[in-house]
Amino acid sequence: MADAPHDVVFRTRDLTKVYETGEVKVFALDGVDLELFSGELAVLLGPSGSGKSTLLNILGGLDHATRGRVWFRDLELTGLADRGLTRFRRDHVGFVFQFYNLVPSLTARENVQLVTDISPHPMRPEEALERVGLSHRLDHFPAQMSGGEQQRVAIARAVAKRPEVLLCDEPTGALDSKTGIQVLEVLKHVNEELGTSTVVITHAAEIRRMAHRVIWFQDGRIANIDVNDTRLEPAEIAW
């Protein structure tokens, strides 16, 4: 892998998730074996329904596997009850979704403070917003900001608790390409400057060019893993 450490941060073995509707079984994940490395930026690609979001939700402690095992470093997540998963999410994971999930009645600073108030070793909200280029928007409400700015507030909220991993599900999905590139630049900065292991789901295949590794999904399984020996800057990506 180019430019990234090889310490394993997540490991899955035979990871399987089955949804049952009557007598019909749908395998969202079908025996996934995967390692994700500390400090890397990995991009997950594949058609809708191929298992990407299901994997991200299980890694982040938002969902349970039907079968198989998942470890975060030496902690087996599949052995934790809901309370343990809640603690794991609070202490180790930041989430960024396609829709920003900001509280409309709170300013940018207050939205970030929702996380810093319950985290053991947080940044100040002002520092987190400075890192995403929004020092001038501290006291603005979501309705007063563009979509790209709202997504950057969401990223600031996610990184303010200093998570070891940042899990991003379609973070540019609701943005035009110019604004999306600004968000990708923030994610790259967080990955490189803070050393945060970052996993990005996207339907914009060109985004794979900024990743250390690209993990392709098909029908609930990993179809292929590519390593980028040369990575593009977000500004060099067009989609």
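Would you work out the relative contact order for the range 16-147, in percent, from Cα pairs under 8 angstrom that are 6 or more residues apart?
Numbers: 111 pairs, mean separation 20.9, N = 132.
The normalised contact order for the range 16-147 reaches 16 percent.
What pairs in Lys52/Lys178; Lys25/Lys52; Lys25/Lys161; Lys52/Lys188 have C-alpha atoms more than 30 Å from each other? Don't skip to the end; give the middle numbers.
Values: Lys52/Lys178 25 Å; Lys25/Lys52 18 Å; Lys25/Lys161 38 Å; Lys52/Lys188 20 Å.
Check vs 30 Å cut-off fails for Lys25/Lys161.
Angle check, please: helix 147-159 long axis (alpha carbons) against the longest principal axis of the chain (alpha carbons), in degrees 0 to 90, nearest 10.
Helix 147-159 and the main axis of the chain meet at about 70 degrees.
Before I look further, what does the range 73-198 give for accessible area per residue, probe 1.4 Å, in whole square angstrom?
On the way: 5770 Å² over 126 residues.
Solvent-accessible surface per residue comes out at 46 Å².
Among Leu15, Gln150, Thr196, flag the residue with its Cα farthest along the positive direction of the charge dipole of the chain, charges on Cβ as +1 for Lys/Arg and -1 for Asp/Glu.
Leu15
With Cβ to Cβ distances under 11 Å as the rule, what net charge do the other residues near Leu80 carry (K, R +1; D, E -1)? Intermediate values should be presented prior to the final figure.
Working: positive: Arg83, Arg87, Arg89; negative: Glu76, Asp82.
Result for the neighbourhood of Leu80: +1.
Note down the magnitude of the dipole of the range 96-239 about its Cα centre, charges +1 on Lys and Arg C-beta and -1 on Asp and Glu C-beta and zero elsewhere, to the nearest 20 debye. Intermediate results must be reported in sequence, preceding the final value.
On the way: 15 positive and 20 negative charges, 28 e Å.
With only Lys, Arg, Asp and Glu charged at Cβ, the dipole is about 140 debye.
Report, to the nearest whole %, how much of the accessible area of the chain belongs to carbon and sulfur atoms, 1.4 Å probe, protein only.
Numbers: 5140 of 10970 Å².
Solvent-exposed carbon and sulfur of the chain make up 47 percent of the total.
Calculate, in nm to one decimal, what Asp226 and Val26 gain on full extension: separation in residues at 0.36 nm each, minus their alpha carbon distance.
On the way: separation 200, 0.36 × 200 = 72.00 nm, distance 2.71 nm.
Gain on extension, Asp226 to Val26, equals 69.3 nm.
Which FRET efficiency value, to the nearest 0.05, is calculated for Glu236 and Arg69 with the Förster distance at 35 angstrom and r the Cβ-Cβ distance? Walk me through the numbers on the way to the answer.
Numbers: r = 39 Å, r/R0 = 1.10.
Efficiency, rounded to the nearest 0.05: 0.35.
Mean separation of Cα pairs under 8 Å and 6+ residues apart, divided by the residue count of the chain: what relative contact order is that in percent? Walk me through the numbers before you get to the answer.
Working: 507 pairs, mean separation 64.7, N = 239.
It comes to 27 percent, rounded to a whole number.
How do the peptides 67-78, 146-157 rank, highest first, by the average count of neighbouring beta carbon atoms within 10 Å per residue?
On the way: 67-78: 15.5, 146-157: 24.0.
Highest-to-lowest ranking by the protection proxy: 146-157, 67-78.
When the helices in the chain are scored as -39500 (n - 2.57) per DSSP H run of 4 or longer and the sum is shared across all residues, what 222 nm value do you end up with, to the nearest 500 deg cm²/dmol?
Details: 6 runs with 65 residues, N = 239.
Theoretical 222 nm ellipticity from helices: -8000 deg cm²/dmol.
Please work out the C-alpha center-to-center distance from the range 215-239 to the range 30-80 and express it in whole Å.
Centre-to-centre (Cα) distance: 17 Å.
Quick one: compute the contact order of the range 189-239, relative version, from alpha carbon pairs under 8 angstrom and 6+ residues apart, as a percent.
Details: 45 pairs, mean separation 16.8, N = 51.
Averaging sequence separation for qualifying contacts and normalising by length gives 33 percent for the range 189-239.
Full extension from Glu130 to Leu114: what is 0.36 nm times the residue separation minus their Cα-Cα distance, to one decimal in nm? Don't skip to the end; give the middle numbers.
Working: separation 16, 0.36 × 16 = 5.76 nm, distance 1.68 nm.
The span from Glu130 to Leu114 would gain 4.1 nm if fully extended.
Quick check: pseudo-label points 7 Å beyond the Cα along Cα→Cβ at Asp219 and Leu194, how many nm apart are they?
The two pseudo-label positions are separated by 3.9 nm.
Starting from the Cα of Arg13, step 7 Å toward the Cβ, then list every residue of the range 211-225 with an amide N under 20 Å from that point.
What the label zone holds, given the 20 Å backbone N cut-off, is 221-222.
Positive end of the charge dipole of the chain (Lys, Arg +1 and Asp, Glu -1 on Cβ, about the Cα centre): tell me which of Ile222, Thr86, Ile207 has its Cα farthest that way.
It is Thr86.
Can you tell me what share of the DSSP beta bridges in the chain is antiparallel? A percent to the nearest 5 is fine. Walk me through the numbers before you get to the answer.
Working: 24 of 42 bridges.
Within the chain, antiparallel bridges account for around 55 percent of the total.
Please sort by residue number the chymotrypsin sites (Phe, Trp or Tyr not before Pro) in the range 94-178 whose DSSP state is loop and whose Cβ has at most 14 other Cβ atoms within 10 Å.
Phe99
The values are calculated or read from the model by the stated rules, or taken from the named source; none is laboratory data. Just so we're clear, the structure is a prediction, and the values are computed from it rather than from any experiment. With ideal geometry, Cβ positions are generated from the backbone for all residues, glycine too; neighbour counts draw on all protein chains shown. Heads up: the accessible areas ignore ligands, DNA and RNA and are worked out on the full protein's heavy atoms, side chains in. Shrake-Rupley method; radii C 1.70, N 1.55, O 1.52, S 1.80 Å.
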